[in-house]
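Participant: I am attaching a structure below and will ask some questions about it afterwards.
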Amino acid sequence: GEFIATSNITGAQFVLIAGGGAGGGGTSSTTYASGAGGGAGGVVVHNGPVAFNIGPHAVVVGAGGQGTSQGVDESAPGVSSTLVVPTAGVTYSAYRGGGGAGGYANLQGANGGSGGGGSSDSGPKGNSENPSPNPGATEYGFPGGDALPQPSGEGYKCGGGGGAGGAGGQTPPAPNPGQGSVGGLGIQLPSVYHDPNSSVGAPGPGGGKYWVAGGGGGGVYAVANTDGSGGGPGGPFAGGGAGKGNGTEGGHGVENTGGGGGGTGPASGSPQGSKGGNGASGIVLIAYPS
């Protein structure tokens, strides 16, 4: 859409959050393997001062990636969020969240603003990147988690998706046969956006509000399983979806937070696999003096 300035604005600041990547789906077609957590959308924070002249300014709010119901090499990434600032001659861009690796062994998570987790057994993480220059702004994003080799009886687990405030968790060490990997921490929005009348953001650690861009938790293949919490230990926090198991659909990211979708593991004996969670849509926030 458009941000329309009805007068010349000086002293503005903004936040761009891209759409989060989807969590990986579990598969049982060739081996029982779980899908990894999706990476959160990249976050770009500009604390100003930024000027907007009278008139329209193009805005794109990135959608979240959609989870798939079978294991694929990597799940759908999110969509980047952008804001055109003609006075600076720049289109600012927060890069899409990377999809979590699908439920086949040893697949790498996708790169993104925050990277997706690696798939079952030994899959490597996706890294954090942003191909667009964002002069004067600060970028936030971390890699996903690696899927570490697992001893017999430990199930088929994978890495958590990266978040804006921390990397995705690696496969939990033994003896945790049913524990899913934790998604990366999100971040809390700057205080200027803490409007008590607004629902912007999601809960964070310690009961705080206005948190965004948490990574999705990793899925697990185990009959008795514990969710891989999204957005950090004890979550889900910051909009990240929880990782699931035993054929349960991965947790979805919270809309307009850029959180990554949770991965999932298949049910024993299920030929159709299971569906990873959707990544959350992003958001564009602009604050300026009234």
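The values are calculated or read from the model by the stated rules, or taken from the named source; none is laboratory data. This one's a predicted model, so the numbers in the text were calculated from it and none came from an experiment. Cβ: placed from backbone, ideal geometry, glycine included. Neighbour counts: every protein chain shown. Just the protein is used for accessible areas: all its heavy atoms, side chains included, with ligands, DNA and RNA removed. Shrake-Rupley method; radii C 1.70, N 1.55, O 1.52, S 1.80 Å.
Participant: Under the rule of at least 5 residues apart or a separate chain, name every residue whose amide H is placed under 5 Å from the amide H of I187.
Facilitator: Placed amide hydrogens put A164, G165, V212 under 5 Å from I187.
Participant: Calculate, in nm to one decimal, what T6 and T87 gain on full extension: separation in residues at 0.36 nm each, minus their alpha carbon distance.
Facilitator: Stretched out fully, the T6 to T87 stretch lengthens by 27.6 nm.
Participant: Please arrange K157, K244 by accessible surface area, largest first, computed with a 1.4 Å probe and ligands excluded.
Facilitator: In descending accessible area the options line up as K244, K157.
Participant: Moving on. Using the Cβ atoms and a cut-off under 12 Å, what net charge is assigned to the surroundings of V200, where Lys and Arg are +1 and Asp and Glu are -1?
Facilitator: Summing Lys/Arg as +1 and Asp/Glu as -1 gives -1.
Participant: Note the direction-averaged projected area, equal to a quarter of the hull surface, for the Cα convex hull of segment 234-276, in nm².
Facilitator: 3.0 nm²
Participant: Which whole-number percent is the relative contact order of segment 135-290 (Cα, under 8 Å, 6+ apart)?
Facilitator: So the answer I get is 18 percent.
Participant: Leaving out ligands, DNA and RNA but keeping every protein chain, what accessible area does E129 have, in Å² rounded to the nearest 10, with a 1.4 Å probe?
Facilitator: We get 80 Å² for E129.
Participant: Work the Kirkwood hydrodynamic radius out for segment 174-290: mean of 1/r over every pair of different alpha-carbon atoms, inverted, in Å.
Facilitator: 14.3 Å
Participant: Whenever you get a sec, line up H194, H252, H46 from highest to lowest accessible area (probe 1.4 Å, protein heavy atoms).
Facilitator: Listed by decreasing accessible area, they come as H252, H194, H46.
Participant: Same structure, new question: Of the accessible area of segment 1-151, with the probe set at 1.4 angstrom, what percent is carbon plus sulfur?
Facilitator: After summing per-atom areas, the C and S share lands at 53 percent.
Participant: Hey, another quick one. If a/c stays under 1.5 just call it rounded; otherwise compare a/b with b/c (prolate if a/b is bigger, oblate if not). Do that for segment 59-209, with a ≥ b ≥ c from the square roots of the Cα gyration tensor eigenvalues.
Facilitator: It comes out prolate by the Cα gyration axes.
Participant: In a shell of Cβ-Cβ distance under 15 Å around N246, excluding N246 itself, what net charge do Lys and Arg (+1) and Asp and Glu (-1) give?
Facilitator: Net charge around N246: +1.
Participant: Using a 1.4 angstrom probe and counting only protein chains, how large is the accessible area of V59 in Å², to 10?
Facilitator: 20 Å²
Participant: Shifting gears a bit: Please figure out what share of the DSSP beta bridges in the chain is antiparallel and state it in percent, rounded to the nearest 5.
Facilitator: 90 percent
Participant: Grab the eigenvalues of the alpha-carbon gyration tensor for segment 100-152, scale each by 5, take roots, and send me the semi-axes largest first in whole angstrom.
Facilitator: Rounded to whole Å, the semi-axes are 28, 9, 5.
Participant: Under Stokes-Einstein, with the Kirkwood radius over Cα pairs standing in for Rh, what whole-number D in µm²/s applies to segment 67-132 at 10 °C and 1.306 mPa s?
Facilitator: 127 µm²/s
Participant: DSSP beta bridges in segment 118-271, what fraction antiparallel, as a percent rounded to 5?
Facilitator: Looking only at bridges with both residues in segment 118-271, the antiparallel portion is about 75 percent.
Participant: Take every Cα pair under 8 Å in the chain that's 6+ residues apart, average their separations, divide by the length, and report that relative contact order as a whole percent.
Facilitator: RCO, the chain: 23 percent.
Participant: Something else: How much accessible area does D121 have with a 1.4 Å probe, in Å² rounded to the nearest 10?
Facilitator: About 50 Å², ignoring ligands and nucleic acids.
Participant: Please give the net charge around G41, taking every other residue with its beta carbon less than 14 angstrom from that of G41, where Lys and Arg add +1 and Asp and Glu add -1.
Facilitator: It works out to a net charge of -2.
Participant: Right, next: What value in Å³ per residue do you get for the convex hull of the alpha-carbon atoms in the chain?
Facilitator: Normalising the Cα hull of the chain by residue number yields 97 Å³.
Participant: If you don't mind, there's one more thing I want to ask. Suppose a student asked you for the relative contact order of segment 16-144, using Cα pairs under 8 Å spaced at least 6 residues apart; what percent would you report?
Facilitator: 30 percent
Participant: Excluding ligands, DNA and RNA, what is the solvent-accessible area per residue of segment 34-149 at a probe of 1.4 Å, expressed in Å²?
Facilitator: 36 Å²
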